Structures are given as structure tokens and as C-alpha cells.
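Student: Provided herewith is a single structure, encoded as C-alpha cells, for subsequent inquiry.
The values are calculated or read from the model by the stated rules, or taken from the named source; none is laboratory data. This is a predicted model, so every value here is computed, not measured. Don't worry about glycine lacking a Cβ; one is built from the backbone with ideal geometry, like all the others, and counts go over all protein chains shown.
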Amino acid sequence: MSVSNVQTSLVDRAPVPIRTRPVRSRRQRVGYALTVLAFLLPSAIPLALFVLGPMIAAAGVSLTKWNLLAPPKFVGFDNYANLLTAPQTGAVFLHTLFYIVGYLPLVYVGGLALALALNSRLKGRAFWRSIYFLPVVTSWIVVALVWRWLLNPSTGIVNTVLGFVGIDGPGWWTDPTWAMPSIILASAWKDLGFVMVILLAGLQAINPELEDAARVDGAGWWRRLWSVTLPLLSPSTFFVVVISLINGFQVFDQVYAMTGGGPNGASEVVVQRIYDLTFRYGAAGEASALSWILFVVVLGVTVVQIIGQRRWVTYG
Amino acid sequence: MNKKLLIAAGLIGAAAVVLSGCSASGGGDEGPVTITYTNFISNDGNEDNLQKIVDAFEKANPDITVDVTTMPYADYGTALQTDLAAGTESDVFDIEYANYAQYQANGVLAPITVANPDAYKKSLLDAYATDGTQYALPSSFSDVVLYYNKDLFDAAGVDYPTADWTWEDEKAAAEKLTDKSQGIWGDHQPVSFYEFYKVLAQNGGQFLSDDGTKVAFNTPAGIEAAHWLVDKSGTVMPTIEQGQGTADFDTNLFKDGKLAMMHTGIWVFGAVADVPNWDIAVEPGNTTQASAVFSNALGVSANSKHPEAAGKWAEFLSSSDTTVDVRLDAGWELPPISDDAKLSTYLDKGAPANRQAVFDSLDGIALPPVVATGQTEMQDIMTEELVEAQSGRKTVEDALKSAEERINAAIAG
Amino acid sequence: MDERWTARSIVLHVVIIAGAAIMFFPFLWTIITSITPGAGLTQTPALIPENPSLEAYLRLFSERPFGRQIANSLFLAVITTVVQLITSSTAAYAFSRLPFRGRGAVFAVYLATMMIPLQVLVVPLFVELKTFGLINTFLGALLPTFASAFGIFLLRQAVNQVPRELDEAAMLDGAGHFRTFFSIVLPNIRPALATLTVFAFMGSWNSFLWPLVVLRKPELQTLPVALAGLQGQYTTDWDVVMAGSVVSVLPILAIYLFAQKYVIQGVASSGIK
């Protein structure tokens, strides 16, 4: 059966409420249950065995003191108590939050601009899209090198240009205040292509008739963006925001590559602390406790977004 | 359409059976013994050299087979600790000196009976013994020396470093050699934990108290030593903003002929081989001569099922004549042996001319301070505080005080 | 549109090209370092290599089983991608089209699996797989990658965007869920499937920590681990490392180009655009 001939009106769509189904027979219900299982089990089993299982084990580890070399020692909630009162915990969460708040708007707006530009009639779109995707696949060793070169306080291009305008450029990654902004800039730049790819797929699922209809109605480019494109793009936007938040809270590679968490811990983020505690400072129990604290934070943020989805996201 | 899903599931199932057979696990315990060895020491181009040593050992011990796994250095610790947590560690594995105390204290290392202890340099062998029992065998060592560019010295009319130099001599020379207008710097020395405990020793101080429970560097000698490191930045050495502290910074500067002296390890010989006229000298001390020595070692797992075979392999790898020859031929670090005559071929391997300095440095060595808990934290904290002083955000005195407090807390365990 | 070369269009082109140059630059630096023998990691990029040579690439393949390691990475990435496409699309369909009690909670649990860093899961996971005897096996490396909440989430968004009228029309014609899934939903989420293909492949290809601890033997090791092995305890041959980076980027780019074409083609034929 082919669907390409089915004409459907996609204008004036409100989310379709789930129809109440007629009462089903027992056999039908069992059949339905099996169907649901058939669709869910392929993903549920690996997730349960290889992610949830270890997560629960990690919760167990969080109640111990363990240096990985000798058997773990039960300490109850000591790790949590220590973490929640240590100033360093607040500091790493703050740095992580700072990262997210700086990174997300930059990468989204930049990625959106790219997606819009590369969705239009532009010569050689496929080629440009590949180029813009290159940083996403380039390793952080190289990206960190490039950005440390660009942001070099004495010889970097950025400070040189700032100098022309009469601004005394900061120490960037050598300066505690500017270390995280340096990381944010490099990260947003690197991930533009990622956001672009997601939003492009979303843009291409939008029926152009809708845009044309708006244009015919006399709406300008900016108006079309806000009234038509962005709302219809909201499922993809939602995805980008949720994923960026979840990944943002777990940021690690870029911080490690650009500043190693320095100078003097000024850019240390949560996962770096977790890694250090586990593999460098022999405190796997404390690391697990910290990751469960992180989990609660991320879960909270995500739940808020999912609930807000009903208000913010239109499914076309 | 259930069929498609079923076929897919069947394929995955079949693949699973095939894939689980694709394991490379070692042999069992039937008859001859196979021991496993995990290392990082051969991973930067010396895998074949290691294989030569393995082959020689297996020839001399036909009932023992050695199964070698090589890991990247930077992540070796992660992999080893994961193994130890799960009980999958090899019979023999590499360790660094800095981790020895912690591993020994946690019962991870089996005691080793050394057949021929006199083959080893006593100081290195003792570094891996606790309470009279040998828990690991040193497998190699390298040290830190003073490199200098003869051309730059000639141009500035400064005499070359000698074995009698002290900090004063070095400082005077560095200042004369520095010419910022030409982009020439006199002396590079990293500002880090690894340099600090050494310059502390060079100034008669010590990093830890005698019982190892707290630090002992916050003394006038310690402050003076810290200044020795920190004050170079911006005067005879570039600042952090100018790139100091990034990877290979000093080596590149030296190679470009823009650095007159640098403190770094003997592993850089190869990298600067093309610099026209350079040589090395023993690092100048202040009140004492003390050079930093780094060493890797071999441990036998406390859970090993074949501790004697493992011990034999560890001893062979660390001190046999085969090993000595292979290492010297390949320029693969120095074997920790006591017989200097065997090491003499090392002296004639080309630049630098004064290779004798590598051995002379061993007359006064500064081993890294080690503790059973908090080793890595201690190192990180020290480096952080010194860098704070170097960037001018703290005075040296405050940095040392802060380091003292933080490290004492970290190593209290 | 007959306004081919308006000012706006010119500015657009210029900005795109300038931006692309900036995007391409790090990769260019990687390539140049890889063909500069004995290169160190310099502060400033040397744009013209003095004695360009392919020595680094030769050493990559001769000094270590790099070809084998590339094959390992490729094998793992392909399997991961295929399996993730299956597990993600089926779960996405369930979360979008199969209402059941507690579905929201189950989805939240799925998402929750993304919220614990891998660094903390590594040790328990390693112990678990050791119990199954899967250390140093490809299966051991693969199993944790078979389901991805990221992929499920991505596809769920896409399935949500497929109009339910299409489902309903099919069901009126007598199609059950499986039929609808294969004939209606899957063809209509091709852009998202192509996107997931790229990201799943990339995720597996670049994955480091788990393959590091699970696959130890050199003939089993994957590319990122092999590249890390190029950085020694004291010194690093940066030209070889960069050569390795260049080689490791190529397959992802190939997949990306392939997936791109498929996206455009898929969209054109599904009658939506």
C-alpha cells in the first residue's frame, strides 16, 4: 500500500487527542499487550541489563568507600553528606550550569541560522553542509589546539582584533574568569553542525505549502520564522534542548581538552570531578554519590521540560 | 511483517553466538603455564622490542608462555583499576613509582622473591620494597637533566654549565642569555609538583615529614625553592599567557634555537637531535645536588595463580642481559642495573656528548614523595597552587600555605 | 524565484563561505601536521609544511595493526548502527502510537538512562560483563550500545510528526500495528532515520572509555584507543597522531554524505515536500 497519493490537509492542525477506543475483548487486550511488548522489548532489555542495572549498582557503590583496589566498605550516606556540604560540589555544579547557560543559546541560534541558510536555495548545499559538519567529527585534541591558538592572550587573532578596537583582550583560557567562556565558545562552534543536522531534518518535514501560504498572506521573512517555521520546528527544537541539557550537565571532553579544569579548578565540571574521584583519587563511592546527585538534578530539569512540552511543542 | 522482525532477531542471535566466540582470552592451566602481562612501557613504538625480550624468556623457560597486552599510557591507570576492581588483572603488570605505595598498602601486589638482587641498582630496588619485602621490581629509569644550547652560550659569551654549578650560576647565566627583543629566553623549568619536590631537595628541604603523614615544605627553604621556580616566569622564561605550560612548549622553543637552557627528561634526546650544538649537564642544586629520577616497575598480582612464573618473568624483563641489550640498542629508557660496565655502550650513542651526566645525576636523587592515600590529589594540589603563584594571583608564601592545608587534608585518608 | 543574485543572496553566500573556511580550518591543520614529519604540537599552525611526506601514514599502518583496528571499529559501528535503528524505531513507535498505562513513566525511565555519566557505569558494567564472560569480546563491547535513549528520543519526535491520519487510513484498510509501522511510519521518518544513522555510527566510532576497558588485545582494539596509544608516557609523535585522526574522520564523513543524499531523496519521494 502506498501513501504518496494520500492527500491530507496539514493546515490548521491541532494535536489530535487519543480517541477513546471501543471496549476490547480479552483476546484483543492480550494481543495489544503483546504488541506493545514486541515494540518495547528490543530496547528495554539492553537498557535494563546494561544501563539500569549498572546504575543501580552505582547507587549501591555510592553507599561505600571504595578505592577499587581493596573491597568496598559500607559507610551509609556519608558520601552524600560530605558532598552536599563541600563547597567544591557547589562549585562544580555552578561551573557546569554556567557552561550550559552560555552554550545552549549560542549553539541553538547558530545551528538554526545554519539550518535555515542551508535549507534555502543555495548553490552546493550538500557540500557546505558537509563542511559545517566537519568540526563535529574532528577530535577535541585538535579543536582545543585551534581555539587555544585563536584565543591566545598575546598572539591570538581574537585579542589582536579586540586590540584594534581598543579593547584589552582577557587571558581567555589562562584566566580563571575567562576559562569557561573560552570552553563555551569552542564547544558551541564545534557543535553547530550537530544542531544544524537535527534542525535540517526537522525543517524538511515541514510542508512548504504552509510557508507559501504565509508568504502569500503577506507575512515577511521574520514573521514567517516566528509564526510558522519555529512552531512547526518545535519538536526538533525540543529535542535539541533536552539533549543539549542532558549532555551539557555531563560535559567533560571539551573541558578536559581546553583547560583540564583549570586554572586552579576554575572550570572544573561535575563529570570531571566524578572521573577524578573514581580513577585518580581512589574514591569511587563518592564519585557514584556525586553522579546520583547529578542524576537527580538532570532528571528534575528534564521532567520540567517534558511537562512543559504540552505548552511549548506543537506536533504538526 | 512479524517475519522481518523474527529474521532480524535470528540474525542477531546468530551473530551473538559467533561474536562471543571471537574472544582472545589466553590459554588455560593445563600443563605448561601461561602468564599474562599488561604493560604501557612498550606502547610508543617499542612493541617489537618487547617481543624480542618475550621470545628470549620463553626460549629460556620453555614451560612458561607470556601473553602480552599493551595499553596506552594515559589511560593505563583507568584500565588497571577497573581490572583490579573486577579481579581481572594480569599476573604481571606495569606500575609507576608514584602508585607503588598505594598498591602495596592495599594488598594488590604479591611479594617477589628476587633470584639475583645484586643485579639491580640498590636505590631503585629499595624504592620498591616495604618492611624488607620486595613487592615490585624496577623495570626502567630516566632522569631529568639540564639541556643547554652551546651556540646561544657562545653568542652571549657565557661559560657552559659545569657539574659544580649552583642556582646562582644558573640564574646569572640565564639572565645574561635572555634577550627578549630577539625572542630568546634563558632558562625554562616547568612549574609543577614534579619540579618542586626536586628543587626542594636541592635546597635541603623535604616534601613530607619523616613519618609521611603531613607535608614539610612550608619552611624558608621551601619558600626559597618555590621562588626559584616561580620567579623564572616572565624574566628568563615565557609566561603562561605566552604559552608556557602547553605541551612540548619547551622542546619546540629549544628546537627553534630560542631557548638557552631547559630542564627536562632524557627522553627528549631524540626530539632535539637536530639542534646543531647542544649538550647536557647535571642539574645544578643549591645546597645539595638532587636530580629527579622517574622509574617504572613491574608488580605481580596478589591474586596470581602462578606467582613464581610471574616473578621469573618480572625479573627477566627488568634485569636480564637480553633486556639490557634490547633497551640500549633501541634507546628505550635505561635498565635499572647496577653493573655500569654494561651500560657503557649508552655513552657512545651520539648527541649529547655528555651522556655521563645521566649517570652522574644518580649520585644525588630525589624520588617523588609517595603516600598511601591521596597521592594524585597531592600532586594536583601542589601544581595548582604553584601555578597560582606563577600567574601572580597569589604570593608564593600564600600558595605554599594553602597547599600545606589542602594536602594535609587530602593525605590524612 | 527569479531574484538570483540579490544583495541578500550574495551576503548569504559570502557568510556561508567564510564560515565554512573557519569550520574547515582545524581539519586543515590536522592534515598539514600529519604530513609534516617529526612535527610537534606547535603554538601556531604552520600552514606550509617544510618537507611534506606521507611517512606518518605509513608508520601508522606498519608499526601497529592499524588496518585491523580500523576494521574493528567499522565492524562495531555498523552493527551498533543497525541494531540501534531497529531498537530505536520500534521503541519510538511504541511511545508515539501505542498508548498504555504508565507510558510516560516508562519514557522517563528511558530518558533517565542518559543521565548517569558513563565514567561511573564503567566499573559495575565491567564487573557484570566479566560475570557473563564477555570481557575481551566484541559482543561485550557491543551489548551496552544496542539501545540508545538518544536514538529513541530522536525517532519518537519524528514519529510524532507523522500525521495520525495516515495511520488511521491504513488501519481502516485493515493494517495492524506492524504493517503500519513498516509501511507508513518508517518511510515517513527517513530524514530522522538518516540522522540517527550518522549519530549512531559516530557515537560508536568515537567511543573511547568502554572499548578501552573491554577490548584489550591489540587485534581487538578500536581506533580511538589505538590513537591514544600513539601518545607515549613521555613523548608523542604528533604527526602520526594527526594522521590517525585524519584517517578516522573519513568514514564518518562518508556516512554523512551518504545519509545526506538519502535524506533529500527520501523526502522527495515520500510526497511531503
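Student: Residue B:303 is checked against (1) without any contact (Cβ under 8 Å) to a residue 40 or more places away in the chain; (2) in contact with a Gly (Cβ under 7 Å, 6 or more places away or on another chain); (3) within 30 Å of residue B:32 (Cβ to Cβ) and fails just one. What number does that condition carry?
Tutor: Residue B:303 satisfies every listed condition except (1).
Rundown of residues vs (1) within 19 Å of the chain's Cα centre (by Cα); (2) crowded, with 23+ Cβ neighbours inside 10 Å; (3) free of Cβ contacts under 8 Å to residues at least 24 places away in the same chain, yes/no style:
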residue	(1), (2), (3)
A:241	yes, no, no
A:245	yes, no, no
A:248	yes, no, no
A:252	yes, no, yes
A:266	no, no, no
A:277	no, yes, yes
A:284	no, yes, no
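Student: Tell me, which residue of region A:154-178 that is touching a Gly at 6+ places or on another chain (Cβ under 7 Å) and not hydrophobic (A, V, I, L, M, F, W, C) is surrounded by the most Cβ atoms within 10 Å (Cβ to Cβ)?
Tutor: A:159
Student: How about region A:40-83: which of its residues are more than 16 Å from residue C:117 (Cα to Cα), within 7 Å of another protein chain (Cβ to nearest Cβ) and not in a loop (DSSP other than H, G, I, E, B)?
Tutor: Once the filter is applied, which keeps residues that are more than 16 Å from residue C:117 (Cα to Cα), within 7 Å of another protein chain (Cβ to nearest Cβ) and not in a loop (DSSP other than H, G, I, E, B), region A:40-83 yields A:40, A:42, A:43, A:46.
Student: Would you confirm whether or not region C:254-261 contains a residue that is in contact with a Leu (Cβ under 9 Å, 6 or more places away or on another chain), farther than 16 Å from residue A:194 by Cα and either at pLDDT below 90 or more than 13 Å from chain B (Cβ to nearest Cβ) (or both)?
Tutor: No: region C:254-261 contains no residue that is in contact with a Leu (Cβ under 9 Å, 6 or more places away or on another chain), farther than 16 Å from residue A:194 by Cα and either at pLDDT below 90 or more than 13 Å from chain B (Cβ to nearest Cβ) (or both).
Student: Select from region C:182-199 the residues that are among the small types (Gly, Ala, Ser) and without any contact (Cβ under 8 Å) to a residue 40 or more places away in the chain and list them in ascending order.
Tutor: C:183, C:192
Student: Something else now. Would you mind telling me which numbered condition in (1) at the interface with chain B (Cβ under 9 Å from one of its Cβ atoms); (2) more than 30 Å from residue A:309 (Cα to Cα) residue C:183 fails?
Tutor: (2)
Student: How about region A:229-239: which of its residues are away from every other protein chain (no Cβ under 12 Å) and surrounded by 19 or more Cβ atoms within 10 Å (Cβ to Cβ)?
Tutor: Selection gives A:229 alone.
Student: Here's another thing I want to ask about it. Before we move on, is residue C:64 touching a helix residue (DSSP H, G or I) at 6+ places or on another chain (Cβ under 8 Å), without any contact (Cβ under 8 Å) to a residue 12 or more places away in the chain and among the charged types (D, E, K, R)?
Tutor: Taking the combined requirement at face value, the residue does not satisfy it.
Student: Out of the residues in region C:84-105 that are more than 7 Å from every other protein chain (Cβ to nearest Cβ) and surrounded by fewer than 17 Cβ atoms within 10 Å (Cβ to Cβ), state the one that is farthest from residue A:297 (Cα to Cα).
Tutor: Top of the filtered list is C:101.
Student: Moving on. Check off (1) on the phi < 0 side of the Ramachandran plot; (2) modelled with pLDDT under 90; (3) surrounded by 21 or more Cβ atoms within 10 Å (Cβ to Cβ) for residue B:333 and give me the number that stays unchecked.
Tutor: (1)
Student: Taking the options A:134, A:112, A:94, A:122, name whichever one is in a helix (DSSP H, G or I), in the same structural domain as residue A:241 (by TED's automatic domain parsing) and surrounded by fewer than 21 Cβ atoms within 10 Å (Cβ to Cβ).
Tutor: From the options A:134, A:112, A:94, A:122, the qualifying one is A:94.
Student: Determine the pairs where a residue that is basic (Lys, Arg), located within region A:24-42, has a partner that is in a helix (DSSP H, G or I) with Cβ atoms under 8 Å apart, the partner being 6 or more residues away or on another chain.
Tutor: Final answer for the pair search is A:24/A:32.
Student: Does residue B:310 satisfy the condition of being closer than 30 Å to residue B:205 by Cα and outside any loop (DSSP other than H, G, I, E, B)?
Tutor: Values: closer than 30 Å to residue B:205 by Cα: no; outside any loop (DSSP other than H, G, I, E, B): yes.
Against the criterion (closer than 30 Å to residue B:205 by Cα and outside any loop (DSSP other than H, G, I, E, B)), residue B:310 does not qualify.
Student: Is there any pair with a first residue in region B:237-262 that is among the polar types (S, T, N, Q) and a second that is at pLDDT 90 or above and surrounded by 20 or more Cβ atoms within 10 Å (Cβ to Cβ) whose Cβ atoms are under 6 Å apart and which are 6 or more apart or on different chains, and what are they?
Tutor: Taking only residues 6 or more apart or on different chains, the pairs are B:239/B:233; B:244/B:238.
Student: Would region B:101-112 turn up any residue that is within 17 Å of the chain's Cα centre (by Cα), assigned to a helix (DSSP H, G or I) and more than 9 Å from chain A (Cβ to nearest Cβ)?
Tutor: For region B:101-112, residues within 17 Å of the chain's Cα centre (by Cα), assigned to a helix (DSSP H, G or I) and more than 9 Å from chain A (Cβ to nearest Cβ): present.
Student: Another question about this same structure. If we keep just the residues of region C:110-136 that are surrounded by fewer than 23 Cβ atoms within 10 Å (Cβ to Cβ) and hydroxyl-bearing (Ser, Thr, Tyr), which is nearest to residue C:93 (Cα to Cα)?
Tutor: Selected residue: C:113.
Student: In region C:97-137, which residues are within 23 Å of residue C:162 (Cβ to Cβ) and in contact with a helix residue (DSSP H, G or I) (Cβ under 6 Å, 6 or more places away or on another chain)?
Tutor: Correct list: C:98, C:100, C:107, C:110, C:111.
Student: Hey, another quick one. Let me confirm something: among A:282, A:300, A:265, which residue is at pLDDT 85 or above, among the small types (Gly, Ala, Ser) and either part of a helix (DSSP H, G or I) or not assigned by TED's automatic domain parsing to the domain that holds residue A:228 (or both)?
Tutor: Sole residue among the options that is at pLDDT 85 or above, among the small types (Gly, Ala, Ser) and either part of a helix (DSSP H, G or I) or not assigned by TED's automatic domain parsing to the domain that holds residue A:228 (or both): A:300.
Student: Further question on the same structure: Quick one: which of A:195, A:143 is over 19 Å from residue A:109 (Cβ atoms) and within 25 Å of the chain's Cα centre (by Cα)?
Tutor: Testing whether each residue is over 19 Å from residue A:109 (Cβ atoms) and within 25 Å of the chain's Cα centre (by Cα) leaves just A:143.
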